[in-house]
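Enquirer: First, the structure itself, so that you have it in front of you.
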There are 2 protein chains.
Amino acid sequence: MMKWWGWGSEGVEFPMQHKPNLWPWICQELGIPPDARPTRPVPRSAIVLDKPVIHQGFLAAVEKALGPGRIARGEDERLLHAYGKSYPDLLRVRRGQVDRAPDVVILPEGHADVEAVVFEAQRHNVCVIPFGGGTNIVGGVNPVDRSGRMVVSLDLRDMARVLAVDEQSQTATIEAGALGPTLEQELQRRGWSLGHHPDSFEFSSLGGWLATRSAGMQSDAYGKIEDMVVALRMVTPLGTLTTRPAPRAATGPDLNQVAVGSEGVLGVITEATMRVHRNPPVRSYHGFLFPTFEAGHAAIYECVTGGFPPSLFRLSDARETELAFQMKSPDAGLKRLVTQAFKRYLAGRGYGAPCLMITGFEGDPAPVAALRAGAFRILKRHQGFHLGTKVGDSWSREKYNLPYLRDYVMDYGVMADVAETSTVWSNLLPLYHGAKKTLEDRFRADGKGFYLGCHISHTYKTGASLYFTFAAHMTPGKELEEYYRYKRLVTETFVTHGGTLSHHHAVGIEHQDWFEREVTPTGVRALRGLKAGLDPQGIMNPGKLIPPGE
Amino acid sequence: MMKWWGWGSEGVEFPMQHKPNLWPWICQELGIPPDARPTRPVPRSAIVLDKPVIHQGFLAAVEKALGPGRIARGEDERLLHAYGKSYPDLLRVRRGQVDRAPDVVILPEGHADVEAVVFEAQRHNVCVIPFGGGTNIVGGVNPVDRSGRMVVSLDLRDMARVLAVDEQSQTATIEAGALGPTLEQELQRRGWSLGHHPDSFEFSSLGGWLATRSAGMQSDAYGKIEDMVVALRMVTPLGTLTTRPAPRAATGPDLNQVAVGSEGVLGVITEATMRVHRNPPVRSYHGFLFPTFEAGHAAIYECVTGGFPPSLFRLSDARETELAFQMKSPDAGLKRLVTQAFKRYLAGRGYGAPCLMITGFEGDPAPVAALRAGAFRILKRHQGFHLGTKVGDSWSREKYNLPYLRDYVMDYGVMADVAETSTVWSNLLPLYHGAKKTLEDRFRADGKGFYLGCHISHTYKTGASLYFTFAAHMTPGKELEEYYRYKRLVTETFVTHGGTLSHHHAVGIEHQDWFEREVTPTGVRALRGLKAGLDPQGIMNPGKLIPPGE
């Protein structure tokens, strides 16, 4: 389990001591006094949770079905399941503010256990929140039900087995509670890989990925999680949905795609049969610099639509590139880049505010070599300056580090958040410029030093995703209020400019206010119908995804 | 519009006179006496439809909204919309049996017209059956509602425009009533192609493809229709669902994939934004012979999972290959194959009962050449005997001909039908052998001469589709009863052996009895919930897809 107050396991912190340029640069950009002192989260002992709502009949029935030791009632477990890992989640919990924790945490050991829990919950009108790794950043695991019913956090961490590998069909059936490292290690031990590496990889689960339509870094090669699912089981209050393992079918609406993205409001995904692939013998990551974001964009577009798609594209704009340069350890491969001489050389050639691209290739040696040659020709034609593999390797090594940095800067009162969207190619740059200008204008109007960077990632034939990171120093005591002004502004901007509400972070409670505009009132009706059909009492993750009715 | 009694436009027939071997071979295989005389469908004049149920208030409101001339009340139109083109549909209509025709046919000219019709239908409790090209073979367009309500066939044939092409995003927004040739001609005129060519291509519509999860012959390259859809509009009784054009999103269940496959029971798809691609400069089709079905299967598997997937694979088993040989025109490219000398040559090399594979490549010259070289190496390693492009071209020329042959043989009392399924690779050959044996045993037990052939097509990394064609001579007067014994047996066999109920023909009424086993009772509940949420009165294509409730 992660820290109750931040990202990662207790004792693991952002390695700021190895990045001598970073903190001074952040202080300068965000206007933090050099002598600022950190404010740590309140001590654990300062947090006292409300007395839990306990339904004895329900708990007795669950204990009878699951056996002893599967119901955790302690405050530590309850606290760990009270929040996900969004900025406002952490802001509240660091202050010791827990409005509502789940009343108990239940730990099923398999599909049948989940069926028993949900059956009893339905019988006793108890709310159930499915919990995977707890990394959700849209409020997906937070108890928000205000009906006074008992609320259970159903933590699938003891359901983490690879149940079967069908080598011929290239599929693996995996329990939903398996975290990224667990399932990849087990698959790779057998020679296979799922190839799904979201930023949260180390702490997020297959079930969570499916419930939120997660995207991994190599989605260009393997698809988003919804593209990999072949079949699944989802326990709903009225029974278990089991879909048939088949590549495609013409048997009504795609029920895999109804369960995927359902964010726990229809049921609990307990296992899934996923498309896997032979663990690739070649994995190589390369860095490129482009003189402008537009040049890098044009290069990506040509590769993706022209038959030379790598397994990974990540093009940072000039501002995000600046941050990447400041993030380097002095001994890392990017070292020479920061030398003034090299910067002057680049500036002289038109790379004054360069944009860093990371691109990756995975697979067998021969096809990878052919693909790479074709892609590099295109990148170079668009003024891509090849930095070699050291930059790529350095990125790959540090790719899971950013959430730790958020904890570090939060000690100094810094808001740090991300917002992502997707759109078709013809709208990508307009959306980028529109969102960037809107946010920058607001920060400037507020007189705040700020950081706003963006990268293009997750490309498709018809479009791509934009991923923004923004940070500013908050006025003490007004952090939450100020944060939501920016968060709401960026979300509003996405929807107004034709972007999706989210490409891979889901809706939860944070994006719910825009959901009807995203899917139209008729789309909301469709979801309310689904919900009524499978969860008529509204016990499954109440208050999430679907906006409350009239 | 097609013939009311069969396939294709009036006056176009199967070119039996150019296939001297075919009819004698069919007679011999099915045990039809050489002097058998054809029985033609009853004359049009022999069919008198029931008096229509007319709701004057509804019709007046529709006429007011759509303007004059958009409501067809004549018996010819009603008859044309009474049936799809399944074998039992044709069997009934050829006899003059029309249990229920729609009461009127309404011809909207655009999305707003459809909204007006569905709104008035909802207000007046009138049933609406969306109608595209009318090629459905699972009863999807047949009026089966027994409530006594008025039934409208909503024919989208006047909604056939390409509304917009977004060149940069490689998408086209197309009205749902566009038939295959119309939309391909318009797209190709602008340099683009959808690349969706189902067997019904000449007479089926975009809306029908989407509503039934259609698969085109080049699905290996471009995906099934559900893989091509970027956004759509669907008019439901409670409002219009509009999805956002984006490559991917994480905003709940995928509503595109709820509308796709909904078979008209949730609403009317009026337009869709589809992924398109540059009209490929190279299109080449090749024939190969394999000594066994298993050898061909192994070759396909290796190409698809090993990085050399053509845009088309179609591997016929020995029996279907025999039919293909008999189908040749004497002047076609396959000519030399039928010479006894060539057959002896093949037999001597182990191709005594050869299996014909058609494979196709589309795209730019260089990648096609590389892909073809890689695929051919694999095919040859699996004993594929290259027949060249003439066989492929001949197949491509005649690929839409088979439904005409069905009309021809129906004149002689022959049942001819198809059944298709899909499964993962590890189950493909077991499913093939299981289904084949079950059907053959039944035909033999019934003492019938029969034809049963199969091909593998529509391949994916995780599996493929199996497509069976079966024919036998029916006992006069017992055609329908005998047919359903075989049809039910083959469907039952698919479901029992782990295949899907359908890979691309949908559910309609013909597969409804197995639908609950396919999607589990919980899946049916999900669909009933969706239906209740969008169509609470049950006016949309009542009686289809979702089995009747308790």
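Enquirer: Please report the relative contact order for region A:224-317, taking Cα pairs under 8 Å with a sequence separation of at least 6, and give it as a percent rounded to a whole number.
Expert: This gives 27 percent for region A:224-317.
Enquirer: How charged is the neighbourhood of residue A:228? Take every other residue with its Cβ under 12 Å from the Cβ of residue A:228, and add Lys/Arg as +1 and Asp/Glu as -1.
Expert: Details: positive: A:213, A:224, A:275, B:461; negative: A:226, A:227.
My count for the surroundings of residue A:228 gives +2.
Enquirer: List for region A:435-469: residues with 20 Å² or greater reduction in accessible area, all protein chains versus chain alone, probe 1.4 Å?
Expert: Buried-area filter returns A:460, A:461, A:462.
Enquirer: Using +1 at the Cβ of each Lys and Arg and -1 at the Cβ of each Asp and Glu in region B:127-212, identify which of B:152, B:201, B:169 lies farthest towards the dipole's positive end.
Expert: The listed residue farthest towards the positive side: B:152.
Enquirer: Let me ask another. Kirkwood Rh, Cα Rg: Rg to Rh for region A:264-420?
Expert: 1.03
Enquirer: Taking both sides together, what accessible area is buried at the A/B interface, probe 1.4 Å, expressed in Å² and rounded to the nearest 100?
Expert: Its buried surface, counting both partners, is about 5800 Å².
Enquirer: With every protein chain present, what is the per residue accessible area of region A:430-550 (1.4 Å probe, Å²)?
Expert: Value returned for region A:430-550: 33 Å² of accessible area per residue.
Enquirer: With Kirkwood's inverse mean 1/r over C-alpha pairs for Rh, give me the Rg to Rh ratio of chain A, two decimals please. Spell out each step's value before the answer.
Expert: Numbers: Rg = 23.4 Å, Rh = 24.4 Å.
So for chain A, dividing Rg by the Kirkwood Rh gives 0.96.
Enquirer: Distances from residue B:386 to the same position in the other copies: list them in nm, one decimal, shortest first, using label points 7 Å from Cα along Cα→Cβ.
Expert: Distances to the matching label points in the other copies: 3.3 nm.
Enquirer: Take every residue in peptide A:270-278, count the Cβ atoms of other chains within 10 Å of its Cβ, and give the average of those counts. All intermediate terms of the calculation are to be shown ahead of the outcome.
Expert: Working: counts 0, 0, 0, 2, 1, 3, 2, 2, 2.
Per-residue shielding by partner chains comes out at 1.
Enquirer: Is region A:167-214 best put as rounded, prolate or oblate by its Cα gyration tensor, with a ≥ b ≥ c the root eigenvalues, rounded for a/c under 1.5, and otherwise prolate when a/b is larger than b/c, oblate when not? The partial results should precede the final answer.
Expert: Working: a/c = 1.99, a/b = 1.53, b/c = 1.30.
Prolate.
Enquirer: Magnitude of the Cβ-charge dipole of region A:338-419, K/R +1 and D/E -1, about the Cα centre, nearest 20 debye?
Expert: So the magnitude is around 620 debye.
Enquirer: While we're on this one: Specify whether the C-alpha gyration tensor of region B:56-198 places it in the rounded, prolate or oblate class, a ≥ b ≥ c being the square roots of the eigenvalues: rounded for a/c under 1.5, otherwise prolate if a/b is larger than b/c and oblate if not.
Expert: Oblate.
Enquirer: Now a separate question. For a 22 Å ceiling on Cα separation, which of these pairs sit above it: B:3/B:399; B:343/B:437; A:461/B:461; A:3/A:64?
Expert: Among B:3/B:399; B:343/B:437; A:461/B:461; A:3/A:64, the Cα-Cα distance tops 22 Å for B:343/B:437; A:3/A:64.
Enquirer: Then there's this: Can you tell me the Rg and the Dmax, both Å, for the Cα atoms in region A:27-89?
Expert: For region A:27-89, the Cα-based Rg and Dmax read 19.7, 59 Å.
Enquirer: Net charge near residue A:270: determine it from the other residues with C-beta under 10 Å of the C-beta of residue A:270, scoring Lys and Arg +1 and Asp and Glu -1. Before the final figure, lay out the partial values.
Expert: Numbers: positive: A:233; negative: A:113, A:115, A:175, A:271.
Every neighbour counted, the sum reads -3.
Enquirer: Output, in nm with one decimal and in ascending order, the distances from the residue B:345 label point to the matching label points of the other copies (7 Å from Cα along Cα-to-Cβ).
Expert: 6.4
Enquirer: Carbon and sulfur together cover what percent of the accessible area of the protein assembly as shown at a 1.4 Å probe radius?
Expert: Carbon plus sulfur share of accessible area: 53 percent.
Enquirer: Distances longer than 12 Å among the Cα atoms of region A:268-320: what percent of all pairs is that?
Expert: 75 percent
Enquirer: Averaged across orientations, what area in nm² does the convex hull of the alpha carbons in region A:401-550 project?
Expert: For the Cα atoms of region A:401-550, the hull's average projected area reads 11.1 nm².
Enquirer: Roughly how compact is region B:439-481, stated as its Cα Rg over 2.2 N^0.38 Å to two decimals? Working shown, then result.
Expert: Details: Rg = 14.4 Å, N = 43, 2.2 N^0.38 = 9.2 Å.
Ratio of Cα Rg to 2.2 N^0.38 Å: 1.57.
Enquirer: How fast does region B:142-237 diffuse by Stokes-Einstein, in µm²/s, taking the Kirkwood radius from C-alpha pairs at 37 °C and 0.692 mPa s? Can you show the working numbers first?
Expert: Values: Rh = 14.5 Å.
D, rounded to a whole number, is 227 µm²/s.
Enquirer: Let me ask another. May I ask for the percentage of alpha-carbon pairs in region B:446-534 that lie more than 17 Å from each other?
Expert: 61 percent
Enquirer: Quick one: plug the Kirkwood hydrodynamic radius of the protein assembly as shown (C-alpha pairs) into Stokes-Einstein at 20 °C, 1.002 mPa s, and report D in µm²/s.
Expert: Rounded to a whole number, D works out at 69 µm²/s.
Enquirer: Compute for region A:228-319: radius of gyration divided by Kirkwood radius, i.e. Rg/Rh, restricted to C-alpha atoms, rounded to two decimals.
Expert: Over the Cα atoms of region A:228-319, Rg/Rh equals 1.15.
Enquirer: Using the Cα gyration tensor of region B:487-528, with a ≥ b ≥ c the square roots of its eigenvalues, what is the shape: rounded (a/c below 1.5), prolate (a/b larger than b/c) or oblate (neither)?
Expert: Since a/c reaches 1.5 and a/b is larger than b/c, the shape of region B:487-528 is classed as prolate.
Enquirer: Sticking with this structure for a sec: With angles folded into 0 to 90 degrees, how steeply does helix B:111-124 sit against the dominant principal axis of chain B? Use alpha carbons for both and round to 10.
Expert: It is inclined by approximately 60 degrees.
Enquirer: Nothing charged except the Cβ atoms of Lys and Arg (+1) and of Asp and Glu (-1): what's the magnitude of the dipole of the protein assembly as shown about its Cα centre? Round to the nearest 20 debye.
Expert: Computed about the Cα centre, the dipole is about 1940 debye.
Enquirer: What does the charge dipole of chain A about its Cα centre add up to, to the nearest 20 debye, if the Cβ of each Lys and Arg holds +1 and the Cβ of each Asp and Glu holds -1?
Expert: On the way: 61 positive and 59 negative charges, 246 e Å.
Magnitude of the dipole: close to 1180 debye.
Enquirer: Where Lys and Arg each count +1 and Asp and Glu each count -1, what net charge lies around residue A:501 among other residues with Cβ under 9 Å from its Cβ?
Expert: Local net charge: +1.
Enquirer: Summing -39500 (n - 2.57) over the DSSP H runs of n ≥ 4 in the protein assembly as shown and dividing by its residue number, what mean residue ellipticity at 222 nm do you reach, to the nearest 500 deg cm²/dmol?
Expert: After summing the helix terms and dividing by residue count, I get -11500 deg cm²/dmol.
Enquirer: May I have the convex hull volume per residue, in Å³, for the Cα set of region B:1-110? Write out the running numbers ahead of the final one.
Expert: Working: hull volume 15.6 nm³, N = 110.
It comes to 141 Å³ per residue, whole-number rounded.
Enquirer: Just which residues of region B:230-253 lose 30 Å² or more accessible area with every protein chain there, against their chain alone, with the probe set to 1.4 Å?
Expert: Buried-area filter returns B:238, B:241, B:242, B:244, B:245, B:247, B:248, B:249, B:250, B:251, B:252, B:253.
The values are calculated or read from the model by the stated rules, or taken from the named source; none is laboratory data. Just so it is clear, the model here is predicted, and its values are computed rather than measured. All Cβ positions, even for glycine, are placed from backbone atoms using ideal geometry, and neighbour counts span all protein chains on display. To get the accessible areas, we keep the full protein, side chains included, count just its heavy atoms, and leave off ligands, DNA and RNA. Shrake-Rupley method; radii C 1.70, N 1.55, O 1.52, S 1.80 Å.
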